[in-house]
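A short worksheet on the structure shown next.
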Amino acid sequence: MSALKVALSSDHGGIELRKTIAHLLESLDVPYQEFGPEANESVDYPNLAFTVANKVATNEVDRGILICGTGVGMSIAANKVPGIRCALVGDTFTAHATREHNDSNVIALGARVLGPGLAADIVKIWLETEFEGGRHETRLNQIAAFEQAEH
Ligand code: RB5
């Protein structure tokens, strides 16, 4: 897993969980860039989501991890960036399946929803699981074609 580079961010709702995930990444030897407030200053999540998503979309990093109160706002914003497949995940089965089936390149977590132990398990599984390709690749190509088409 050491080959993966990660961008990690949270708004004010996720500072504590962001620190937990940062420690997890250190323990797994995963290099990461971190963005977001250090104290309980209120910040708007969209720009943080776009910063991380752009780094993934331009291959500056391999994966993004986004944390807000619910994970919903971060996931909506990240999925506006072409090439981003952001999954809002709250259980370990989905963490596994969204890598195998969706090749999700960004994960969103809800700090007010998940305990730190479950969130860390989710991130570890999500980082370690490979995309299955095959029929799933066909479906992702359909999404990419829609994204790139003129509407
Ligand atoms: C901030 O209060 C909260 O709205 C944000 O963290 C997130 O939950 C939005 O989806």
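The values are calculated or read from the model by the stated rules, or taken from the named source; none is laboratory data. What you see is a predicted model; the values in this text were computed from it and never measured. Because the Cβ atoms are built from the backbone with ideal geometry, glycine has one as well, and the counts that use them run over all protein chains shown.
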Do you know which residues across the stretch 36-63 are more than 13 Å from the chain's Cα centre (by Cα), among the hydrophobic types (A, V, I, L, M, F, W, C) and either surrounded by 13 or more Cβ atoms within 10 Å (Cβ to Cβ) or closer than 18 Å to residue 95 by Cβ (or both)? 43
Among the residues of the stretch 64-82, is any more than 15 Å from the ligand (Cβ to nearest atom), under 11 Å from the mean Cα position of the chain (by Cα) and not polar (S, T, N, Q)? yes
Give, as residue ranges, the strands (runs of 3 or more DSSP E) completely inside the stretch 1-72 that count at least 3 residues that are among the small types (Gly, Ala, Ser). 6-10
Given the options 97, 7, name the one that is free of Cβ contacts under 8 Å to residues at least 12 places away in the same chain, away from the ligand (no atom under 16 Å from the Cβ) and within 15 Å of the chain's Cα centre (by Cα). 97
Output for Cβ contacts, cut-off 8 Å, separation at least six or different chains, first residue over 19 Å from residue 110 (Cβ atoms) in the stretch 43-66, second at pLDDT below 95 and in a loop (DSSP other than H, G, I, E, B), reads 62/3
